[in-house]
Amino acid sequence: MRVPLPFDLERVVRSHGWYDLAPWRWDPARRTLDRPLALSSGRAVWVRVRARGARTLSVRVDAGERLDRAWAKEARAQMRTCLSLDEDLEPFRRRVEELSGRGEARSVRAALERGAGRLLRSPTVFEDAVKTLCTTNCSWALTRTMVSRLVEELGLPAPGGGRTFPSAREMASRPEGFYRSRIRAGYRAPFLRELARRAASRQPDLEAWRESSLATPELEEQIRSLPGFGPYASQHLLRLLGRHPGLALDSWSRKKLARVRGRRHPPSDRTLERWFAPWKEFAGLAMWLEVTADWHGDDPTWP
């Protein structure tokens, strides 16, 4: 699989915390990315990705039997989506050049030059939406627990071990009590069930959002209609759809921005929005690359 340059597999995989959530598996020693995928036919396959030279990724697909060409093609297409290889970063690069005189643009440019700028995504918008909901108002440890339980309880078994992320239809078939008792989702329990119900009935069609022609404010309005999706969750999901005007601020990013810019206390959201206003439609991506600048140096310090 060909990749656009510059591209760094590890920096894309570890662009944010998704790689630490089931069913992803990242091996930093071998620099391999693995996960089971559910295909449109209902079959589960196991996929492994690793860099092979500067411009190529090796994508191995295991079906547990003779591999059908159509299965392999679909699995590779899903991985292109997951690694954001379909996102055109050239307009963002031009914006970086336009703002090159600003000191804060240096860390953004450095990250891009090292192959960062693309965000790890899920094969489906539904999976991204569920995981986003599982990050709201809780610790990362609880996020990991909820996502792991969803996969263990409802995912399809895959060749090579592990399970796929559950389908919307499978999640919609479970009562609210299941999410409270088995998933430990707390207040998110009714939101998860209703999100799954809407996704399964395509009201709205979440998967169409990746290629939507809607203007970003209109798309954000649709996302905000989902149960449990406030400003942070909506802007975070927009970020994973390649739409970056919103900052998707949470407590971690506010504190980290204050530290990066030498402030004793986290600035107000209005101040943060003013800081990143010059980036226009790329404000959220620029903010994220600045706040994670220590992840993109010669000796990265990933959390």
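The values are calculated or read from the model by the stated rules, or taken from the named source; none is laboratory data. Bear in mind that the values here come from a model prediction, so they are computed numbers and not experimental data. Every residue, glycine among them, receives a Cβ derived from its backbone with ideal geometry; neighbour counts consider all protein chains shown.
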Pro159: passes all of (1) touching a strand residue (DSSP E or B) at 6+ places or on another chain (Cβ under 8 Å); (2) modelled with pLDDT under 95; (3) exposed (fewer than 15 other Cβ atoms within 10 Å of the Cβ) but (3)
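Please count how many residues of the range 35-50 are among the charged types (D, E, K, R) and surrounded by 20 or more Cβ atoms within 10 Å (Cβ to Cβ).
1
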When the range 280-293 is checked residue by residue, the ones that are out of contact with any Leu (no Cβ under 7 Å at 6 or more places or on another chain) and either among the polar types (S, T, N, Q) or surrounded by 15 or more Cβ atoms within 10 Å (Cβ to Cβ) (or both) are Phe282, Leu285, Ala286, Trp288, Leu289, Glu290, Thr292, Ala293
Here the qualifying pairs (Cβ atoms under 6 Å; residues six or more apart or on different chains; first in the range 17-31 and outside the structural domain of Thr301 (by TED's automatic domain parsing) and closer than 19 Å to Trp288 by Cα; second of a type in the set (Phe, Trp, Tyr) and not in a loop (DSSP other than H, G, I, E, B)) come out as Tyr19/Trp26
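May I ask you to say which residue of Arg184, Arg210, Arg174, Arg243 is over 27 Å from Val61 (Cα atoms), surrounded by fewer than 16 Cβ atoms within 10 Å (Cβ to Cβ) and not polar (S, T, N, Q)? I'd like the intermediate steps shown before the answer.
Numbers: Arg210 fails: over 27 Å from Val61 (Cα atoms); Arg174 fails: surrounded by fewer than 16 Cβ atoms within 10 Å (Cβ to Cβ); Arg243 fails: surrounded by fewer than 16 Cβ atoms within 10 Å (Cβ to Cβ).
Going through Arg184, Arg210, Arg174, Arg243 in turn, the sole match is Arg184.
In the range 272-303, which residue that is of a type in the set (Asp, Glu) and over 17 Å from Arg118 (Cα atoms) is modelled with the highest pLDDT?
Here is the first cut: in the range 272-303, the residues of a type in the set (Asp, Glu) are 273, 281, 290, 294, 298-299.
If we keep only those that are over 17 Å from Arg118 (Cα atoms) as well, we get 273, 298-299.
Numbers: Glu273: 96, Asp298: 80, Asp299: 83.
Selected residue: Glu273.
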Within the range 88-144, residues being within 26 Å of Gly297 (Cβ to Cβ), outside any helix (DSSP H, G or I) and not hydroxyl-bearing (Ser, Thr, Tyr) number 15
Being modelled with pLDDT of 95 or more, farther than 17 Å from Cys138 by Cα, surrounded by fewer than 20 Cβ atoms within 10 Å (Cβ to Cβ) and touching a helix residue (DSSP H, G or I) at 6+ places or on another chain (Cβ under 8 Å) narrows Pro217, Pro190, Pro204, Pro267 down to just Pro204
Of the conditions (1) surrounded by 16 or more Cβ atoms within 10 Å (Cβ to Cβ); (2) closer than 24 Å to Val147 by Cα, the single one that Ala105 does not satisfy is (2)
